[in-house]
Amino acid sequence: MAALNALPIQVITTQTTGATLNGTITAPNTSGGIIIQTTAALTGTTNITLPANPIDGQQFLLTSNFGLTTLTVTAINAITVSNKPTALTVSATAAFGYEFLYNAATTTWLRIQ
């Protein structure tokens, strides 16, 4: 499924607790992305860890129905993240969110949107 970029997108539903998520959201290898559904903008730090064992060309989407004021996107297993976003602003008139593509040759999640 990952080779076809047909992995399911995971929906995380949360109530705001002090305007932050509790802990880090770690995406499983079988996830094609995360949609954070919350009741208000998150003003605390939102931590996202990208899949730990991606395949070459795998894509990952990240979006939310409300803004994420402080966003930290990381990877593990000696994988880097290029052009890390630091916030997510929701817009009624334009696409929002981020898309990453894994490049095995450089062991890097490349931000493509």
Next item on the list: Give a residue-ordered list of calculated ³J(HN,Hα) values for region 37-46 (Karplus: 6.51 cos²θ - 1.76 cosθ + 1.60, θ = phi - 60°; whole Hz; x for Gly, Pro).
Entry: 9, 9, 8, 6, 4, 9, 9, x, 6, 10
Check: Amide H neighbours of T26 under 5 Å, counting only residues 5+ apart in sequence or on other chains, H built in-plane at 1.01 Å?
Finding: T49
Next item on the list: Could you pull out every residue, at least 5 positions away or on a different chain, whose amide H is within less than 5 Å of the one on T70? Hs are placed 1.01 Å off N in the peptide plane, and Pro or chain starts have none.
Entry: T46
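Computed from the coordinates by the stated procedures, all read-outs in this text should not be read as laboratory data. Since the model is a prediction, treat every value here as computed from it, not as a measurement.
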